[in-house]
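Note sheet for the following structure.
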Amino acid sequence: MIRGETNHYDYVCGAAARGIQDVQLASGVPCAFGLITCDTREQAEARAGGDRRDQGRNAAIAVLRMAALRETLAAAR
C-alpha cells in the first residue's frame with residue numbers, strides 16, 4: 001500500500017495488522033504480516049522485487065516455517 005494524502009493509509013494498515021493478529025490468536029495458526037507499506041512506488045517495487053527484499057515472499061516463507069515447526073512440536077508430544 002502506498003501512502004496517499006489522507007489518513008486512509010494508516011487506518012488500512014492498522015486494521016490489516018489487527019485482523020492478522022486476531023486470526024492468529026483465535027486459531028493458533030501461524031500468520032505473518034506481509035503487507036508492504038511505502039511512501040512511493042519506487043519503495044514498493046524495491047520491497048517486492050523478487051530478491052532478498054521481497055517482503056511478501058519472506059512473510060510466506062516465515063509462515064511455512066512456523067507451520068512446519070508447529071507440526072514438529074505437535075508430533076513430539
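Residues that are hydroxyl-bearing (S, T, Y) and assigned to a helix (DSSP H, G or I) were ranked within the stretch 1-19; the one that is modelled with the highest pLDDT is Y11. Tell me, please, whether a residue that is acidic (D, E) and touching a residue at least 24 places away in the same chain (Cβ under 8 Å) can be found in the stretch 16-39. Yes, that holds for at least one residue. When residues in the stretch 20-55 are screened for being under 23 Å from A67 (Cα atoms) and either in a helix (DSSP H, G or I) or of a type in the set (F, W, Y) (or both), 10 of them pass.
Residues in the stretch 44-62 that are among the hydrophobic types (A, V, I, L, M, F, W, C) and either loosely packed, with under 15 Cβ neighbours inside 10 Å or at pLDDT 85 or above (or both): A60, I61, A62.
Number of residues in the stretch 27-43 that are surrounded by fewer than 11 Cβ atoms within 10 Å (Cβ to Cβ) and among the small types (G, A, S): the value is 2. For the stretch 1-15, a residue qualifies if it is within 14 Å of C38 (Cβ to Cβ), without any contact (Cβ under 8 Å) to a residue 24 or more places away in the chain and charged (D, E, K, R), and exactly one does: D10.
The values are calculated or read from the model by the stated rules, or taken from the named source; none is laboratory data. All of these numbers come straight from a predicted model, not from anything done at the bench. Note that we place each Cβ from the backbone using ideal geometry, even for glycine, and neighbour counts take in every protein chain shown.
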